[in-house]
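One structure is given here, and the rest of the page talks about it.
Readers should treat all values here as calculations from the given coordinates under stated rules, not as data from a laboratory. It should be emphasised that the depicted structure is a prediction, and the values quoted were computed from it without experimental measurement. Positions of Cβ are generated from backbone atoms using ideal geometry, with glycine treated the same way; all protein chains shown enter the neighbour counts.
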Amino acid sequence: MVTSTKGLSAGYMGVRYGVTEKTARLWIHKVREAMEQSGNHPIQGNVHVDEFVLGDREKDKVGRNYNVKKEKAVTAVELTGEGKVKRMYAMRIEDFSAQSLQYMFINHISRNAKITTDKWKGYRPIVEAYDITQIERNSVLNFKALHTMIYQVKSWIGTTYSWVSDFNINRCFNEFCYRIKCSQSKATIFNNLITKMVNMQKVYHNQIKYN
């Protein structure tokens, strides 16, 4: 899970290790719990933020439509001086309002960060508390690295898993973002995760749904 770019499905893991798919899925979710970032080190510097949806196209539902069945999410990336992704966070949101979007900023972004978003109105109230510059949305010119990450996480979830429940979508984001964060330290990524799993509080069966 930590060294594979595409991660592992419960079906594949069950066959590989001789356990049921249900047991494999439970184990994967427990590992993802350990992959959750502490929030003690918010991203800073040059930060890009955008929202996206997960799911198939819906007829007559385009743009940031509130009445869609797709999963809604927001992501933020910290960029290096060369414009490459250094760290990433993603989380499920109920809608695209400022009330939902603000939790990405509160939980994961430093107040000192220089943040860039598109001109979606949901970011306007947040400008009062953060240094936000709003520019036109253009994936080629303005948000290339960010939209590459969005494409990758959507493609990974869509091709590896046939379906992910609302309850577990953030755990999938934990896994993807953990691999992005640790991609520059692959020699220690496995040992670091084992240490987190040993030191974290116990996760019981009834705390994790199997879907």
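Table for the structure above
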| quantity | calculated |
| --- | --- |
| Candidates Ala90, Ala129, filtered to the one that is touching a strand residue (DSSP E or B) at 6+ places or on another chain (Cβ under 6 Å) and not β-branched (Val, Ile, Thr) | Ala90 |
| Candidates Leu146, Leu101, filtered to the one that is surrounded by 14 or more Cβ atoms within 10 Å (Cβ to Cβ) and touching a Gly at 6+ places or on another chain (Cβ under 9 Å) | Leu101 |
| Qualifying positions in segment 114-129 - farther than 15 Å from Asp50 by Cβ and not basic (Lys, Arg) | Pro125, Val127, Glu128, Ala129 |
